[in-house]
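Shown next, in structure tokens, is the structure this report addresses.
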Amino acid sequence: MERLRHIAPGYWVLLAALLLYPLVASEFFVLQIGAYAMILGILALSLMWLAGYGGMVSLAQVAIAGLGAYMLPVLGTNTQDVMGLGWPWWLTILAALTVSVAFATFIGAVAARTEGIYTLMITLAFSVVVFYFSRQNYAVFNGFTGFAGIEPPTLFGVYWRDPIPFYYLVLICAAGLFAAVSYAARSTFGLSLQAVRDNPRRLRALGYNVTAHRVFAFALSGVIAGIGGILLIWFNGRIAPSSICIDITLDILVIAVLGGLRRPIGPFIGAVVFVLLDNFAIDLIDRERFNTVIGIVFLLIVYFSPDGLLGLWEKVRPNARRQRAPEPRAEAAEPAE
């Protein structure tokens, strides 16, 4: 209860608005705007955790999410009856998350010893490998076709793929992950990770294992990305190599940077803007020019505010920085002897 008192009132207002949103919105806005934006926000949150707190920009988050999501039709069931092993739903979800975390940990073990552009290129290489492997492998991933007819389980008499139940399912996951990242950022590990981001040499000199911090951060990002991948495959009802292509990877990067990488709310703000542009830009321009529109918006926001929309908001409200509680400083404690 003590921790709840430190939550800004604006977050409680936002949570109340999100809970009431399905009561005033149509099914299209509930599912295609609300739920989809939160799913993309979860995927971008896994990137924000690495980049914002760990200083590691990863382009493998969609591949991590997709590889785990593939386990649902492979180990569970699908309407195509292709290679589904028929495992119970809870076991397939557990297996999907395990695969995502294991793959993210492996990527972290390879990329954690690099910095800057090298981390970016290594994670991009993993993303490309997963895309082409899933596209060419028919024994497990069913190649270019992929799988269709993938649905969430029916629990407590509720079909969770219906717009309103699915929206609340996504909202619970998004709110839980947002709270978890916010808490982790203020934990001992989170502060140490931010210190690694700011000055890894000093942390090594103090006796901290910098590589282990980075690998564990990748593992935690795998949990977030894995949950996002499961929700995304339930949202689309199918998965194919096109679901984890480089275009989607770059979209997640744009969303994260667009909203802001300094706080966990940033990816969700960026996702809302991205989804609104994706759905309604075609009313003003051709659908083929969407990338041009989002690119222009991205460049304008980054030019005027490198911290994304959150930074732009603080510039508009110069006193917002003074009113907001200060972020915890990432100071490393002396290691215990």
Residue satisfying all of: in segment 48-77; among the hydrophobic types (A, V, I, L, M, F, W, C) and farther than 18 Å from Ile248 by Cβ; surrounded by the fewest Cβ atoms within 10 Å (Cβ to Cβ) among these: Leu75
Cross-chain or 6+ apart pairs with Cβ under 6 Å, segment 208-232 first and under 17 Å from Leu169 (Cβ atoms), then surrounded by fewer than 20 Cβ atoms within 10 Å (Cβ to Cβ): Gly226/Leu97; Ile227/Cys173
Count of segment 22-47 residues which are at pLDDT 95 or above and surrounded by fewer than 16 Cβ atoms within 10 Å (Cβ to Cβ): 0
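For segment 240-247, check the following and say yes or no: at least one residue is in contact with a Ser or Thr (Cβ under 6 Å, 6 or more places away or on another chain), surrounded by fewer than 20 Cβ atoms within 10 Å (Cβ to Cβ) and either assigned to a strand (DSSP E or B) or of a type in the set (A, V, I, L, M) (or both). Walk me through it before giving the result.
Initially, segment 240-247 is screened for residues in contact with a Ser or Thr (Cβ under 6 Å, 6 or more places away or on another chain), giving 241.
Next cut, surrounded by fewer than 20 Cβ atoms within 10 Å (Cβ to Cβ) only: none.
No, that holds for no residue.
Just checking, which of Asn279, Asn291 is assigned to a helix (DSSP H, G or I), at pLDDT 75 or above and out of contact with any strand residue (DSSP E or B) (no Cβ under 9 Å at 6 or more places or on another chain)?
Testing whether each residue is assigned to a helix (DSSP H, G or I), at pLDDT 75 or above and out of contact with any strand residue (DSSP E or B) (no Cβ under 9 Å at 6 or more places or on another chain) leaves just Asn279.
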Test set (1) under 18 Å from Trp234 (Cβ atoms); (2) more than 10 Å from the chain's Cα centre (by Cα) - Gly52 fails condition number: (1)
Helices (runs of 4 or more DSSP H) (entirely within segment 69-186) containing at least 1 residues that are in contact (Cβ under 8 Å) with a residue 60 or more places away in the chain, within 17 Å of Ile244 (Cβ to Cβ) and not aromatic (Phe, Trp, Tyr): 71-75, 89-111, 117-136
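In segment 237-273, what residues are in contact with an Asp or Glu (Cβ under 8 Å, 6 or more places away or on another chain) and of a type in the set (A, V, I, L, M, F, W, C)?
Answer for segment 237-273, where residues must be in contact with an Asp or Glu (Cβ under 8 Å, 6 or more places away or on another chain) and of a type in the set (A, V, I, L, M, F, W, C): just Leu261.
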Criterion (closer than 18 Å to Cys173 by Cα and touching a residue at least 12 places away in the same chain (Cβ under 8 Å)) met by exactly one of Ala60, Ala44, Ala16: Ala44
Residue match in segment 181-198 (condition: polar (S, T, N, Q), buried (at least 18 other Cβ atoms within 10 Å of the Cβ) and more than 17 Å from Gly41 (Cβ to Cβ)): yes
Residues that are over 17 Å from the mean Cα position of the chain (by Cα) and within 23 Å of Val196 (Cα to Cα), drawn from segment 77-113: Phe106, Ala109, Val110, Ala111, Ala112, Arg113
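Working carefully through the options Arg204, Arg263, find the one that is more than 15 Å from the chain's Cα centre (by Cα) and either among the hydrophobic types (A, V, I, L, M, F, W, C) or surrounded by fewer than 24 Cβ atoms within 10 Å (Cβ to Cβ) (or both).
Going through Arg204, Arg263 in turn, just one is more than 15 Å from the chain's Cα centre (by Cα) and either among the hydrophobic types (A, V, I, L, M, F, W, C) or surrounded by fewer than 24 Cβ atoms within 10 Å (Cβ to Cβ) (or both): Arg204.
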Matching residues, segment 5-21, being under 24 Å from Leu232 (Cα atoms) and surrounded by 14 or more Cβ atoms within 10 Å (Cβ to Cβ): Leu14, Leu15, Leu18, Tyr21
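The values are calculated or read from the model by the stated rules, or taken from the named source; none is laboratory data. This is a predicted model, so every value here is computed, not measured. Cβ atoms come from the backbone with ideal geometry, glycine included; neighbour counts cover every protein chain shown.
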